[in-house]
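Enquirer: The structure's right below; bear with me while I get my questions together.
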Amino acid sequence: VGDAFNEGLYEEQARLRGIPLLESRPKYQMRNMTAREASGNQQVVYFPRVVKVVDVLSILRTKNHNGFPVIDQTRSGETLVIGLILRSHLLVLLQSKVDFQHSPVPFNSRDAPVPIRHNLTEFVKPVSSKGISIDDIYLTPDDMEMYIDLAPFLNPSPYVVPEDMSLTKVYNLFRQLGLRHILVVPRASRVIGMITRKDLLIEDNEDAAAVELQSTSG
């Protein structure tokens with residue numbers, strides 16, 4: 001009833017966060033379109049796992065994207081998406097400078113645990129706050145030559161869809177989950193597993209062995 005007189009909670013939160021509002025139903029023509037077609041031919045702006053500070057600053061100044069894919073290369077030279085990092089998190093890293101490093105070599109978690117230099121609240125801004133602006137950042141020439149390993153700060157499991165997914169399904173994901181970004185990737189070549197509803201029915205008192213047995217029982 002309240003929505004008839006006022007904005008709904010979803011609409012209000014989206015407006016405050018500057019997120020474009022989507023209608024409740026996708027357009028009919030989306031049934032014949034794919035995720036790849038919707039993403040168009042625009043060049044994807046991404047960061048390597050270890051990136052130079054001057055490059056981060058340059059991209060944030062010239063692009064208004066809210067999120068950026070982060071890529072890394074395997075030993076065989078294959079390029080993989082390893083996660084998504086938010087603009088707001090990059091601004092926190094630039095402002096604090098505590099994670100700048102001289103070397104372009106990535107941090108190896110097998111050698112030592114990742115040092116925690118930030119309070120979680122630094123990365124979570126109130127809805128009513130605009131957070132850090134690029135104009136708030138001051139960097140010296142020496143800072144510009146430093147590097148940041150983005151791996152500890154990215155979201156390692158962003159929402160991803162295959163390039164040939166129906167745009168109607170993509171639209172519904174945005175609406176139902178309140179998403180702001182979805183990465184479009186090539187159709188996967190092999191299946192590494194399948195999750196059913198039963199796999200998600202885990203009782204609080206079940207131990208790890210029981211959960212594993214349940215998930216392999218089909």
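The values are calculated or read from the model by the stated rules, or taken from the named source; none is laboratory data. Note that the structure is predicted; figures quoted are calculated from it, not measured. Here the Cβ positions follow ideal geometry from the backbone for every residue, glycine too, while neighbour counts run over all protein chains shown.
Enquirer: When both residues are 6+ apart or on different chains and their Cβ atoms are under 6 Å apart, which pairs have a first residue that lies in the stretch 145-173 and is free of Cβ contacts under 8 Å to residues at least 60 places away in the same chain, and a second that is buried (at least 18 other Cβ atoms within 10 Å of the Cβ) and of a type outside the set (Ser, Thr, Tyr)?
Expert: Within 6 Å, the pairs are Tyr159/Ile182.
Enquirer: Can I ask one more? Kindly indicate the residue of the stretch 25-40 that is in contact (Cβ under 8 Å) with a residue 40 or more places away in the chain and among the polar types (S, T, N, Q) and also surrounded by the fewest Cβ atoms within 10 Å (Cβ to Cβ) among those meeting that condition.
Expert: Ser39
Enquirer: Which one of these does Asn172 not meet: (1) within 22 Å of the chain's Cα centre (by Cα); (2) farther than 21 Å from Asn66 by Cα?
Expert: Of the numbered conditions (1) within 22 Å of the chain's Cα centre (by Cα); (2) farther than 21 Å from Asn66 by Cα, the odd one out for Asn172 is (2).
Enquirer: The conditions are (1) under 20 Å from the mean Cα position of the chain (by Cα); (2) part of a helix (DSSP H, G or I); (3) surrounded by 14 or more Cβ atoms within 10 Å (Cβ to Cβ), and Gln95 fails exactly one of them. Which is it?
Expert: (1)
Enquirer: Looking at this structure, is His102 closer than 21 Å to Asp72 by Cβ, at pLDDT 90 or above and within 18 Å of the chain's Cα centre (by Cα)? Write out each step before concluding.
Expert: Values: closer than 21 Å to Asp72 by Cβ: yes; at pLDDT 90 or above: yes; within 18 Å of the chain's Cα centre (by Cα): no.
No, not satisfied.
Enquirer: Need pairs with beta-carbon distance below 8 Å; first residue among the basic types (Lys, Arg) and within the stretch 86-109, second part of a loop (DSSP other than H, G, I, E, B) and surrounded by fewer than 18 Cβ atoms within 10 Å (Cβ to Cβ); sequence gap 6+ or separate chains.
Expert: Arg87/His65; Arg87/Asn66; Lys97/Leu139
Enquirer: A further question follows. May I ask you to verify whether Lys169 is at pLDDT 90 or above, basic (Lys, Arg) and out of contact with any Gly (no Cβ under 7 Å at 6 or more places or on another chain)?
Expert: Numbers: at pLDDT 90 or above: yes; basic (Lys, Arg): yes; out of contact with any Gly (no Cβ under 7 Å at 6 or more places or on another chain): yes.
Considered against the rule, which asks whether it is at pLDDT 90 or above, basic (Lys, Arg) and out of contact with any Gly (no Cβ under 7 Å at 6 or more places or on another chain), Lys169 comes out as yes.
Enquirer: While we're looking at this one, here's another question. What number goes with the only condition from (1) closer than 23 Å to Val45 by Cβ; (2) at pLDDT below 90 that Val81 does not pass?
Expert: So Val81 meets the others, but not (2).
Enquirer: Next question. Please specify each residue of the stretch 135-186 satisfying the condition of being among the charged types (D, E, K, R), touching a helix residue (DSSP H, G or I) at 6+ places or on another chain (Cβ under 8 Å) and not in a loop (DSSP other than H, G, I, E, B).
Expert: Asp136, Asp143 - these are the residues of the stretch 135-186 that are among the charged types (D, E, K, R), touching a helix residue (DSSP H, G or I) at 6+ places or on another chain (Cβ under 8 Å) and not in a loop (DSSP other than H, G, I, E, B).
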